[in-house]
1. Working only within region 214-249, note down all residues that are more than 20 Å from the chain's Cα centre (by Cα) and open to solvent by less than 30 Å² (accessible area, probe 1.4 Å).
2. Search region 120-141 for residues that are hydroxyl-bearing (Ser, Thr, Tyr) and pair each with any residue that is surrounded by fewer than 18 Cβ atoms within 10 Å (Cβ to Cβ) when their beta-carbon atoms are under 6 Å apart and the residues are at least 6 apart or on different chains.
3. Quickly run through region 279-296 and pick out the residues that are part of a loop (DSSP other than H, G, I, E, B) and either modelled with pLDDT under 70 or closer than 14 Å to Pro160 by Cβ (or both).
4. Scanning region 119-162 for residues that are open to solvent by less than 30 Å² (accessible area, probe 1.4 Å) and of a type in the set (A, V, I, L, M), which turns out farthest from Glu41 (Cα to Cα)?
5. Is at least one residue of region 73-91 free of Cβ contacts under 8 Å to residues at least 24 places away in the same chain and closer than 22 Å to Gln131 by Cβ?
6. If you go through region 99-152 one residue at a time, how many are within 15 Å of Pro30 (Cα to Cα), in contact with a Leu (Cβ under 8 Å, 6 or more places away or on another chain) and of a type in the set (A, V, I, L, M)?
7. Filter region 255-278 down to the residues that are modelled with pLDDT of 95 or more, outside any loop (DSSP other than H, G, I, E, B) and open to solvent by 50 Å² or more (accessible area, probe 1.4 Å) and list them by number.
Amino acid sequence: CNLLCDYVGINEFINLVDDADPDPIFHCPPITFVDPFIAPEDMSEAIRILQEVLKEFPPFTIRFERFSKFVHSKNHCTLFLDPICDPPNALQDLQQTVLKAFPQCDGQIRRGQYVPHLSIGSFPSKADLEQKQRELEQSWVPIEFQLKEIYVLQRNGSDPFQVAAAVPLGGNGVTSPPHFGIGSPGSPGTPQENDPIGRTLLLLNMPKNSDDQKLLHVFTSQNMKPIAHEMLRNPNGGLRTCGLIEFETLEEARIAERVDLSSLPNAYILPIYKMAFPGTVGDCCSLLAVQQRNRS
């Protein structure tokens, strides 16, 4: 279970990650508080239980005002935003409420004391982190919002996370306009349906030797004409086994969802509005785009 930032302030968070993180990993990072979660075959029942458990847990306020850091080692530091809750300890109380229903999902507390945080970027040294922290603090404007739901994320192996459900707090069924998953921008029927986020697909679980040209060939070999494409990359530049493909029209994207993948028996396609990561081609999730902006 994760707390993904509220629709309020979403652009501010994305811009912050874009500016802060030389190694982009997340598109609007979550506050993770329960892991590992539940096997896919049990997800529907787990969501039902979670909905029941959280009926009595009221919404609460989160304010992101100050930066802090983890120094994991001499060569690994993480910059994060420190959530301030009203009432205090609401995130810890929420975690304990969920763990009462799913005690096996105690990965966060097994590692030691649970410290709620929203990761912004990873840095190779404490000095690099503190320099970037000083820069960000000059322009950061605190954001405050009411947390009314949590997101349940799931993924296949090391593929990016999908949104399995948004579970409301308090039992009244009132949620924020979702930024991820069904009903989020780019979903069918939303104003952004024809924007790039609605016309972009993610091809997942490709062979390990796949590159940008192999990604493109999957579609051009079947007479489809993508207008942009990009394999996702790890912070070290290594290619991941999934890539983005954007089409000029919504109709073309919907046809491409049914592309023949028989030559890639383990691959599958999802529209990116269902995902918590990545974004569209060239946004803050793109290592190549971020590197190019840093050079300019």
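The values are calculated or read from the model by the stated rules, or taken from the named source; none is laboratory data. Quick caveat: nothing in here was measured; it's all calculated off a predicted structure. Cβ sites come from the backbone with ideal geometry, for glycine too, and all protein chains shown count toward neighbours. Side chains are part of the model used for accessible areas, which takes the heavy atoms of the whole protein and leaves out ligands, DNA and RNA. Shrake-Rupley method; radii C 1.70, N 1.55, O 1.52, S 1.80 Å.
1. The initial filter retains those residues of region 214-249 that are more than 20 Å from the chain's Cα centre (by Cα), namely 214-228, 247-249.
Of everything in region 214-249, those that are more than 20 Å from the chain's Cα centre (by Cα) and open to solvent by less than 30 Å² (accessible area, probe 1.4 Å) turn out to be Leu215, Val218, Phe219, Pro226, Ala228, Phe247.
2. Ser122/Asp23; Ser122/Thr78
3. Narrowing region 279-296 to residues part of a loop (DSSP other than H, G, I, E, B): 279-286, 296.
Within region 279-296, Gly279, Thr280, Asp283, Cys284, Cys285, Ser286, Ser296 qualify.
4. Leu136
5. Going residue by residue through region 73-91, those that are free of Cβ contacts under 8 Å to residues at least 24 places away in the same chain are 73, 84, 88-89.
With the extra rule that they be closer than 22 Å to Gln131 by Cβ, the set shrinks to 73.
Taking every residue of region 73-91 in turn, at least one turns out to be free of Cβ contacts under 8 Å to residues at least 24 places away in the same chain and closer than 22 Å to Gln131 by Cβ.
6. 5
7. Ile255 - this is the single residue of region 255-278 that is modelled with pLDDT of 95 or more, outside any loop (DSSP other than H, G, I, E, B) and open to solvent by 50 Å² or more (accessible area, probe 1.4 Å).
Conditions (1) surrounded by 14 or more Cβ atoms within 10 Å (Cβ to Cβ); (2) touching a Ser or Thr at 6+ places or on another chain (Cβ under 6 Å), marked per residue:
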residue: Ala46; (1), (2): yes, no
residue: Ile49; (1), (2): yes, no
residue: Phe57; (1), (2): yes, yes
residue: Phe64; (1), (2): yes, no
residue: Phe67; (1), (2): yes, no
residue: Lys74; (1), (2): no, no
residue: Phe80; (1), (2): yes, yes
residue: Cys85; (1), (2): yes, no
